[in-house]
Amino acid sequence: MMCLLVLGYMNPLWAQWVSPHPLEWEQKAPAALIPFPQKVQWNSGSLTVPVATEWKLKGKASASVKVAWKGLLRDCAGRGTEPLVVTLTADAHKLPQEARAEGYHLVVDEDGVRISAASDAGFFYGLQTLRQLAAKKKTLRFCEMTDWPSFRYRGYLHDCGRNFRKIERLKKELDLAAQLKVNLFHWHLTDNPAWHVQCKKYPELNAAKHRTRDVNDTYSYADIREVIEYARKRHITVLPELDMPGHSAYFNRAFGCAMHSPKGMTIIGELLDEFCREIPADMCPMIHFGADEVSIPNAVQFVNFVVDKLKSHGRDVVQWASRRDLGKHAESIGQRWLDGADVASVSLTNLNGRTFDSIIGYTNVYEPALMVRRYFFMRPCAAGKGDELRLGTIMGIWPDGRVEDKELIPAMCNMWPAMCAMVERSWQGGEADGDAFPADMPAPDTEAGKAYRLFMARAAVIRKTIFANEPFPVWPESAMNWTVVKPVGKDKVEQTRSAVLKDELGGLDTREAHGASLYFRTREGSGCIGLFPQGKPGQTLWAKATIKSKTAGKKKFMIGFDAPERSNRRYTGLPVKPGDWDVAGSRIWINGKEIKNPRRYKYAGQRSSGNAWQFDNPPLDPEELWWMLEPVEIPLKKGENTVVIEHPLVSPHQAWQFSFIPLEREALKKTAK
């Protein structure tokens, strides 16, 4: 299927965005590469990809090179029997100065494959690119590329303080992240439920009675060292976070005092001494001490005490640095973030020291497609490339609420699609500012629209290669185009509905919107971004599109409306009545016939809203997240089909959005000319 193009409304900002590389390079690419290289030339000719045993490596093979090489051979699907030699050469002269820390020069021609680099990281990333070039391929296209990251750090955070993750799972995720050239793992180890780090000085700190979740789970120091060493071989730095003095209810339960009290500060000094002895500086050069979402009377004293303690152990110190956090120490790296009303208070244009950018927010706050768009169009640290202050990006995975099966967290929190977009932008960089785009998808005939479509086409391939065995809850969606009837009050709902269904749109106030996921207004407390950010409960809007199907019959769609944040769980709840799409009373018509929701919910009417992230709530269930459910089958006729969606806003806790994503579609055409 494909969606017919509807032109009309044009946001002038779309015309100003330009890709950091010529889109023609992507059009001609013989393989899906994420992140896309800085410079590439595709040449005529190709090599036959051999079976794994006929790949030959020539050059110094460090521990990380061996990791990348084994991964390449594991993915190899070639059938050729002629040897293919990959030569590694320590040579920096083909790399610009800014590329020498992590960059590489890669050539594929009739003589084989040659990778030049000035660092072990460069060889590692060159082999990861070669791995993507060869993934499930029978031939390897001749090419030449020079590639390096625009930002020093491309990272992700896991909150293991509120939902403990087994180290084998963390190692698997490090493997996958390394294939995308991610190089920082921010490991949030402690939070209100527990201090999940082994404690020799005060073993009572690990006692189950002082914990509220995962009460028997603790990371031993050996576990932590194992994860750090595993990450190091994949050129990933581990940034452990011991959150203090906030997010520390476990501490009060264990010791009967607050962290910032005189007794508490003595204890945390001992905890930090022990951690730094067990996890030496050569393994762990940076330590994060939180300092977020807390107000204490001795803030300056506390911050100075912790920073001085960590620096005495030779550590670089990181702390959260937004409006609701303790003041940042002059020598700390500040990690900027935002939450709802804090958006206006967080700026990355004027920095007071080294900075990590986490402003885009949690991957688990918004629905999947919006988060991917936000990362794709962002400018890390509000800049086109990094420098000594603008260090890079750390995306946050914060499933605050209890999750029974921790294996579901990547799907619930949209981990992998968001990471693909994050690393694309933090590796590629780019001066164009697309912060205004995410809710208002760029028109398909703009460079921004073409670039996003090409990226989603690459992601669709990556989901079948790198992430073949992982959840990837985002689908190509940029071809959908809608006419949206702007919100009306309750007194105009019936007459507007009648006009829309009769295709009498001439007298209605409409605008154009693009994408299979439309965002009208995010819930209060999360910024209220969207096409209609001033929308109020009691209003209703309509969206109309035309879908063309080659054949008649039932076709699969991913369809969803409001879903809970995976942090504080706000939403309107699961549909109560059979056939309903959501609590708000949203409706769908195909060719004038109303389509009812075929799903049935075991928790219908039981899971609903408010600000509900407390520890005693029932665990989040997959049926609450529409992208984790099976597709819905909808009958279409051959040729053109009209889709109408009616969508009311009924609650400030509602994410006023819908997704209507066709899964059976014609191959995406590269429209970047």
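The values are calculated or read from the model by the stated rules, or taken from the named source; none is laboratory data. Being a predicted model, the structure only gives us computed values, none of them experimental. All Cβ positions, even for glycine, are placed from backbone atoms using ideal geometry, and neighbour counts span all protein chains on display.
Every listed requirement among (1) surrounded by fewer than 21 Cβ atoms within 10 Å (Cβ to Cβ); (2) at pLDDT 95 or above; (3) out of contact with any helix residue (DSSP H, G or I) (no Cβ under 7 Å at 6 or more places or on another chain) is met by A543 save one, (1). Of the numbered criteria (1) surrounded by fewer than 21 Cβ atoms within 10 Å (Cβ to Cβ); (2) modelled with pLDDT of 95 or more; (3) out of contact with any Cys (no Cβ under 6 Å at 6 or more places or on another chain), the one R323 fails is (2). Out of region 426-446, which residues are in contact with a helix residue (DSSP H, G or I) (Cβ under 9 Å, 6 or more places away or on another chain) and at pLDDT 95 or above? Passing the criteria: S426, G429. Residues of region 497-517 that are buried (at least 18 other Cβ atoms within 10 Å of the Cβ) and small (G, A, S): A513, G515, A516, S517.
Conditions tested, residue by residue: (1) surrounded by fewer than 16 Cβ atoms within 10 Å (Cβ to Cβ); (2) touching a strand residue (DSSP E or B) at 6+ places or on another chain (Cβ under 7 Å).
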{"position": "A177", "(1), (2)": "no, yes"}
{"position": "N183", "(1), (2)": "no, yes"}
{"position": "H186", "(1), (2)": "no, yes"}
{"position": "A194", "(1), (2)": "no, no"}
{"position": "V197", "(1), (2)": "no, yes"}
{"position": "P203", "(1), (2)": "yes, no"}
{"position": "R211", "(1), (2)": "no, yes"}
{"position": "S220", "(1), (2)": "yes, no"}
{"position": "E229", "(1), (2)": "yes, no"}
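Looking across R425, R458, R453, one residue alone is surrounded by 19 or more Cβ atoms within 10 Å (Cβ to Cβ), within 15 Å of the chain's Cα centre (by Cα), charged (D, E, K, R) and not in a loop (DSSP other than H, G, I, E, B). It is R425. Pick from region 484-496 the residues that are touching a residue at least 24 places away in the same chain (Cβ under 8 Å) and surrounded by fewer than 20 Cβ atoms within 10 Å (Cβ to Cβ): which of them is nearest to the chain's Cα centre (by Cα)? Within region 484-496, the match that is nearest to the chain's Cα centre (by Cα) is K486.
Yes or no: region 439-446 includes at least one residue that is on the phi > 0 side of the Ramachandran plot and either outside the structural domain of I588 (by TED's automatic domain parsing) or crowded, with 20+ Cβ neighbours inside 10 Å (or both). Within region 439-446, not a single residue is on the phi > 0 side of the Ramachandran plot and either outside the structural domain of I588 (by TED's automatic domain parsing) or crowded, with 20+ Cβ neighbours inside 10 Å (or both). Criterion applied to V303, V343, V318 was being out of contact with any helix residue (DSSP H, G or I) (no Cβ under 7 Å at 6 or more places or on another chain), at pLDDT 95 or above and part of a helix (DSSP H, G or I), and the one residue passing it is V303. Look at P575 and say whether it is within 20 Å of S659 (Cα to Cα) and crowded, with 19+ Cβ neighbours inside 10 Å. For P575, the condition - within 20 Å of S659 (Cα to Cα) and crowded, with 19+ Cβ neighbours inside 10 Å - is met. Quick test for you: out of G573, G579, pick the one residue that is within 24 Å of Q539 (Cβ to Cβ) and either in contact with a Pro (Cβ under 6 Å, 6 or more places away or on another chain) or at pLDDT 95 or above (or both). After ruling out the rest, the residue left standing is G579. For region 652-668, the criterion of being among the aliphatic types (A, V, I, L, M), assigned to a loop (DSSP other than H, G, I, E, B) and more than 22 Å from H514 (Cβ to Cβ) is satisfied by no residue at all. Which members of region 404-422 meet the condition of being surrounded by fewer than 23 Cβ atoms within 10 Å (Cβ to Cβ) and in a loop (DSSP other than H, G, I, E, B)? Passing the criteria: E404, D405. For W482, indicate whether it is modelled with pLDDT under 95 and either in a helix (DSSP H, G or I) or touching a strand residue (DSSP E or B) at 6+ places or on another chain (Cβ under 9 Å) (or both). Here the answer is no, as W482 does not meet what is asked.
Of the numbered criteria (1) among the small types (G, A, S); (2) closer than 30 Å to H93 by Cβ; (3) touching a helix residue (DSSP H, G or I) at 6+ places or on another chain (Cβ under 6 Å), the one A194 fails is (2).
Number of residues in region 135-181 that are touching a Pro at 6+ places or on another chain (Cβ under 7 Å), of a type outside the set (D, E) and over 22 Å from K233 (Cα atoms): the value is 5.
Restricting attention to region 148-195, the residues being aliphatic (A, V, I, L, M), farther than 27 Å from G103 by Cβ and not in a strand (DSSP E or B) number 3.
Within region 499-530, the residues that satisfy the criterion of being modelled with pLDDT under 95, over 13 Å from V485 (Cα atoms), part of a loop (DSSP other than H, G, I, E, B) and not aliphatic (A, V, I, L, M) are G515, T522, R523, E524, G525, S526, G527, C528, G530.
If you go through region 44-94 and keep only what is of a type in the set (V, I, T), closer than 17 Å to V108 by Cβ and in contact with a helix residue (DSSP H, G or I) (Cβ under 9 Å, 6 or more places away or on another chain), you end up with V49, V86. Among the residues of region 107-116, none qualifies, meaning not one is closer than 28 Å to Y221 by Cβ, among the aliphatic types (A, V, I, L, M) and surrounded by fewer than 23 Cβ atoms within 10 Å (Cβ to Cβ).
State whether one or more residues within region 532-540 are farther than 30 Å from M415 by Cβ, buried (at least 22 other Cβ atoms within 10 Å of the Cβ) and not assigned by TED's automatic domain parsing to the domain that holds M371. Yes. The residue of region 196-247 that is farthest from the chain's Cα centre (by Cα), among those that are part of a helix (DSSP H, G or I) and of a type in the set (K, R), is K209. Among the residues of this structure, A77 counts as one that is surrounded by fewer than 16 Cβ atoms within 10 Å (Cβ to Cβ) and within 31 Å of the chain's Cα centre (by Cα).
The conditions of being touching a helix residue (DSSP H, G or I) at 6+ places or on another chain (Cβ under 6 Å), surrounded by 18 or more Cβ atoms within 10 Å (Cβ to Cβ) and assigned to a strand (DSSP E or B) are not met by Y601.
Every test in (1) surrounded by 17 or more Cβ atoms within 10 Å (Cβ to Cβ); (2) modelled with pLDDT of 95 or more is passed by W14 save one, and that test is (2).
Selection of region 282-301 for residues being touching a Lys or Arg at 6+ places or on another chain (Cβ under 6 Å) and of a type outside the set (D, E) yields only I287. In the set (1) surrounded by fewer than 20 Cβ atoms within 10 Å (Cβ to Cβ); (2) among the acidic types (D, E); (3) at pLDDT below 95, the condition left unmet by E470 is number (3). Report yes if A281 is out of contact with any His (no Cβ under 6 Å at 6 or more places or on another chain), small (G, A, S), over 17 Å from H196 (Cβ atoms) and surrounded by 21 or more Cβ atoms within 10 Å (Cβ to Cβ), otherwise no. Spelling it out, it is not the case that A281 is out of contact with any His (no Cβ under 6 Å at 6 or more places or on another chain), small (G, A, S), over 17 Å from H196 (Cβ atoms) and surrounded by 21 or more Cβ atoms within 10 Å (Cβ to Cβ). Name every residue in region 589-624 that is modelled with pLDDT of 75 or more and either β-branched (V, I, T) or at positive phi (or both), in order of residue number. Residues satisfying the conditions are I590, N591, G592, I595, G605.
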